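Step one of this worksheet: look at the structure below.
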Amino acid sequence: MTVRKAWIWTTVAVGAALSFVMVLVVGVYLVAGNLANVIAGRSAGLAKNAVPAAYATLVQKWGNLCGAINPALLAAQLYQESGFNPNAKSPAKAEGIAQFIPGTWAIHGIDGNGDGVADVWDPRDAIPSAASYDCKLASYVKDAPGNPTENMLAAYNAGAYAVIKYGGVPPYRETQNYVKTITTLAKSFAAPVQRLEPSKQAAGAIYYAQKKLGTPYLWGGNGTADQGGRFDCSGLTKAAYASVGITLPRVANDQYNAGPHPKRDELLPGDLVFFSHDPADSRAIHHVGIYVGGGYMIDAPRTGAVIRFDPIDTADYFGATRVTEDGAKALPTTV
């Protein structure tokens with residue numbers, strides 16, 4: 001009798017939870033349809049914890065070196081170049097957190113920390129050098145028509161002469177894509193200054209995740225047939241947003257940069273919520289779920305568990321991302 005009662009109450013609880021999610025899904029559609037054009041404008045401030053703590057002060061300081069850049073833009077460039085890895089080295093021999101090639105470093109590398117050595121491998125030199133180089137490029141193209149920041153980024157990609165020749169961003173697809181990528185990605189590093197627009201795909205992502213409730217967890221799972229339709233945490237969120245046409249990176253700490261970051265009291269259903277071993281470092285994120293409201297998420301928690309509802313207010317709660325299509329497209333394929 002006790003077992004039967006427990007089963008009945010479990011069934012009622014799950015049914016109520018699913019009904020709750022469906023109400024939220026409808027609510028997300030309504031909110032997404034009624035709120036438009038309210039994404040935060042350009043901001044010089046950094047979103048909380050978007051940049052690893054070891055570099056946040058440097059990025060905030062040097063990102064205000066000139067009017068053509070801001071800390072969020074500088075952070076986006078560093079993330080795009082190296083994923084904030086000070087030991088990164090590319091096949092083209094670009095080196096360090098800012099990925100300077102030796103010839104460019106020889107001309108534009110500066111001693112940012114005042115120790116008498118300009119070291120491309122030291123972020124205290126490389127980050128100031130990246131900002132200084134941006135500002136020098138901006139000065140080269142300052143008389144070109146158009147947006148000074150976009151012209152600076154175009155000069156970074158195609159050279160100052162091309163910007164001057166074409167009177168702004170040149171008609172090169174690679175350069176135009178680079179300018180759009182960095183300016184879009186910068187939004188995921190900027191502290192929001194206005195209410196954030198809810199993702200119009202959020203309801204669909206929740207609906208997808210809801211249908212997977214009860215599915216066993218699989219480390220590295222992408223939900224494919226050969227994996228028995230099982231997922232790990234970031235595999236679930238990736239698949240949920242793929243179902244509505246948005247391609248996210250595979251791992252959670254890269255998914256964090258797929259859009260702007262609402263505060264805890266600004267969360268809406270469909271936001272991705274993240275958990276980190278280091279409360280000040282987005283690169284230490286180890287878990288992600290899809291927020292459904294009321295302090296709960298749908299997530300694939302760990303080996304031996306199933307996809308389920310879990311509370312988000314735990315000791316390792318890190319922050320959230322409101323996924324946008326442009327934000328996801330701007331993410332590098334590897335960092």
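At a glance:
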| read-out | value |
| --- | --- |
| Selection count, the range 88-116, where residues are in a loop (DSSP other than H, G, I, E, B), under 25 Å from the mean Cα position of the chain (by Cα) and buried (at least 22 other Cβ atoms within 10 Å of the Cβ) | 4 |
| Qualifying residues in the range 251-305 (those that are among the basic types (Lys, Arg) and out of contact with any Phe, Trp or Tyr (no Cβ under 7 Å at 6 or more places or on another chain)) - the one nearest to Thr324 (Cα to Cα) | Lys263 |
| Residue list for the range 239-292, filter: assigned to a strand (DSSP E or B) and either modelled with pLDDT under 95 or open to solvent by 10 Å² or more (accessible area, probe 1.4 Å) (or both) | Ile285, His286, His287, Tyr291 |
| Subset of the range 147-175 [open to solvent by 70 Å² or more (accessible area, probe 1.4 Å) and outside any helix (DSSP H, G or I)] | Pro171, Tyr172 |
| Verdict on Gly245 being small (Gly, Ala, Ser), farther than 23 Å from Ala72 by Cα and in contact with a Ser or Thr (Cβ under 9 Å, 6 or more places away or on another chain) | no |
| Selected residue (criterion: farthest from Tyr296 (Cα to Cα)) from residues of the range 215-238 that are open to solvent by 30 Å² or more (accessible area, probe 1.4 Å) and part of a helix (DSSP H, G or I) | Asp226 |
| Filter result for Tyr178 (out of contact with any Asp or Glu (no Cβ under 6 Å at 6 or more places or on another chain), open to solvent by 80 Å² or more (accessible area, probe 1.4 Å) and part of a helix (DSSP H, G or I)) | no |
| Residues of the range 74-92 satisfying the condition of being at pLDDT 95 or above, more than 22 Å from Thr183 (Cα to Cα) and not small (Gly, Ala, Ser) | Pro86, Asn87, Lys89 |
| Pairs where the first residue, in the range 165-190, is farther than 21 Å from Asn70 by Cβ and the second is in a helix (DSSP H, G or I) and open to solvent by 30 Å² or more (accessible area, probe 1.4 Å), C-beta under 6 Å, 6+ apart | Pro170/Ala158; Tyr172/Ala158 |
| The listed residue being touching a Cys at 6+ places or on another chain (Cβ under 9 Å), under 21 Å from Gln201 (Cβ atoms) and of a type in the set (A, V, I, L, M, F, W, C), out of Val251, Val273, Val288 | Val288 |
| Meets criteria (aliphatic (A, V, I, L, M), assigned to a helix (DSSP H, G or I) and either within 22 Å of Val141 (Cα to Cα) or in contact (Cβ under 8 Å) with a residue 12 or more places away in the chain (or both)) for Leu65 | no |
| Restricting the range 61-82 to residues that are within 18 Å of the chain's Cα centre (by Cα) and over 20 Å from Lys329 (Cα atoms), the residue that is surrounded by the fewest Cβ atoms within 10 Å (Cβ to Cβ) | Asn70 |
| Counted residues, the range 117-146 - those being touching a Gly at 6+ places or on another chain (Cβ under 6 Å), surrounded by fewer than 21 Cβ atoms within 10 Å (Cβ to Cβ) and under 18 Å from Pro102 (Cβ atoms) | 2 |
| Count - residues of the range 183-195 that are part of a helix (DSSP H, G or I) and buried (at least 21 other Cβ atoms within 10 Å of the Cβ) | 4 |
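The values are calculated or read from the model by the stated rules, or taken from the named source; none is laboratory data. This is a predicted model, so every value here is computed, not measured. Here the Cβ is made from the backbone with ideal geometry for all residues, glycine too, and neighbour counts use every protein chain on show. Surface accessibility is based on the protein's heavy atoms, side chains included, excluding ligands, DNA and RNA. Shrake-Rupley method; radii C 1.70, N 1.55, O 1.52, S 1.80 Å.
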